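Participant: Take a look at the following structure, please.
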Amino acid sequence: MCSNCQTSPALRQSADQTFLASLPAWGYDGKIILLRRPEEAREAMRELLSEQVVGFDTETRPTFRQGQSHSPALVQLAGSGPVYVFQLKLCGLDPLVPLLESEQPLKVGTGIGDDVKHLMKLQPFSPAGFVELFQETGPMGVRDRGLRKLCGIFLGLRISKKEQTSNWGRKNLTESQLRYAATDAWVSRRIYQVAKELRAMGVAAKEWPAEPGGRTEKN
């Protein structure tokens, strides 16, 4: 699934753009299940509720005008099997509520607080079992919080963000959009697993010499 993953006890505290550009590009190439009907979503929940940890992410149609906003269009969940992508406009949020309110499995990712807040505008629920990746990586001395940088630090891979501002509200998503969405969820779960293993080994991040021409980036 990820033959290029490079996990190493030699962790950086942060990743600049030059370091990220030196890493091999990677995107999820495993099975993706797109859910559009409520009954399909409920069936997927039965599988996901048996997991211990799932990668969690959402995608929202971008806004380009001040004051404009959109509701989340997708929820992506990655367990030990395929990545599930839920089109909320078609399947609704209700089938996902049992998992969103459950302490298990843990739902891990970045920017989770905002994701949950926006999902609750679609339908109220009592969130439980959500873990921001920085809760696991921060105590190790890693300063970065964005998924792209954490992926570089912990997995030695560079993931693309080119689809980030694409139209997630469209009914027929492109293959590129699906791969992008699935990658973020799968990587979130894997980073959590690797960070937990390294913390158990007592590994701490260290300051690395600045890369020539290195610049700070936001994601």
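Participant: Just the number, please: percent antiparallel of the DSSP beta bridges in the stretch 17-200, rounded to the nearest 5. List each step's numbers first, then the result.
Facilitator: Details: 11 of 22 bridges.
For the stretch 17-200, the DSSP antiparallel bridge percentage is about 50.
Participant: Let me ask something additional. Mean 1/r over all different Cα pairs, inverted: what Kirkwood radius does the chain give, in Å? Mind dumping the intermediate values first?
Facilitator: On the way: mean 1/r = 0.0561 Å⁻¹.
It works out to 17.8 Å.
Participant: Follow-up. Among 184-193, 19-28, 87-96, what's the highest-first ranking by average C-beta atoms within 10 angstrom per residue?
Facilitator: Values: 184-193: 25.1, 19-28: 15.6, 87-96: 19.4.
Ranking, from highest mean packing down: 184-193, 87-96, 19-28.
Participant: Students often check this: by mean Cβ neighbours within 10 Å, which of 129-142, 151-164 ranks highest, and how do the rest follow? Mind showing how you got there, number by number?
Facilitator: Numbers: 129-142: 17.9, 151-164: 19.6.
Output ranking for 129-142, 151-164: 151-164, 129-142.
Participant: If you take the charge dipole of the chain about its Cα centre, with +1 on Lys and Arg Cβ and -1 on Asp and Glu Cβ, which of A78, A181, F125 is farthest toward its positive end?
Facilitator: A181
Participant: Counting Lys and Arg as +1 and Asp and Glu as -1, what is the net charge of the other residues whose Cβ lies under 13 Å from the Cβ of R46? Please list the in-between numbers first.
Facilitator: Working: positive: R42; negative: E39, E40, E43, E47, E51.
Here the count lands on -4.
Participant: Compute the signed sum of charges (Lys and Arg +1, Asp and Glu -1) over the other residues within less than 15 Å, Cβ to Cβ, of L178.
Facilitator: Working: positive: K31, R36, K162, R170, K171, R179; negative: D29, D57, E59, E163, E175, D184.
Every neighbour counted, the sum reads 0.
Participant: Under the rule a/c < 1.5 gives rounded, and otherwise a/b versus b/c splits prolate from oblate, where does the stretch 114-206 land using the Cα gyration tensor? Can you show the working numbers first?
Facilitator: Working: a/c = 2.65, a/b = 1.44, b/c = 1.83.
Oblate, because a/c is 1.5 or more while a/b does not exceed b/c.
Participant: What is the stretch 17-200's relative contact order, in percent, from Cα pairs under 8 angstrom and six or more apart in sequence?
Facilitator: Numbers: 320 pairs, mean separation 57.8, N = 184.
Reported as a whole number, the value is 31 percent.
Participant: Just to verify a number: FRET efficiency for K117 and S160, C-beta to C-beta distance, R0 = 35 Å, to 0.05? Intermediate results must be reported in sequence, preceding the final value.
Facilitator: Numbers: r = 26 Å, r/R0 = 0.75.
Approximately 0.85, to the nearest 0.05.
Participant: In addition: For the stretch 29-152, rounded, prolate or oblate, judged on the Cα gyration tensor with a ≥ b ≥ c (square roots of eigenvalues), a/c < 1.5 rounded, else prolate if a/b > b/c? Display every interim value, and only then the final one.
Facilitator: Working: a/c = 1.56, a/b = 1.14, b/c = 1.37.
It is oblate, given that a/c is not under 1.5 and a/b is not larger than b/c.
Participant: Which pairs in the list K107/K149; K162/K206; K107/K161; K31/K171; K107/K196 are over 24 Å apart, alpha-carbon to alpha-carbon?
Facilitator: Beyond 24 Å between Cα atoms: K162/K206.
Participant: If you place +1 on the Cβ of every Lys and Arg and -1 on the Cβ of every Asp and Glu, how big does the dipole about the Cα centre of the chain come out, in debye to the nearest 20? Show your work: numbers first, answer last.
Facilitator: On the way: 29 positive and 24 negative charges, 111 e Å.
Using Cβ point charges on Lys, Arg, Asp and Glu, the chain gives about 540 debye.
Participant: Right, next: Using a Gaussian network for the chain with springs between C-alpha atoms less than 10 Å apart, which of these wobbles most: A200, A15, A128?
Facilitator: The residue that fluctuates most here is A200.
Participant: What does the helix-only formula give at 222 nm for the chain: each DSSP H stretch with n ≥ 4 adding -39500 (n - 2.57), the total divided by the residues, and the result rounded to the nearest 500 deg cm²/dmol?
Facilitator: Details: 8 runs with 75 residues, N = 219.
Helices in the chain give a 222 nm mean residue ellipticity of -10000 deg cm²/dmol.
Bear in mind these aren't lab numbers, they're just calculated from the coordinates by the rules spelled out. Quantities reported herein were computed from a predicted structural model and do not represent experimental measurements. Note that each Cβ is placed from the backbone with ideal geometry, even for glycine, and that neighbours are counted across all protein chains shown.
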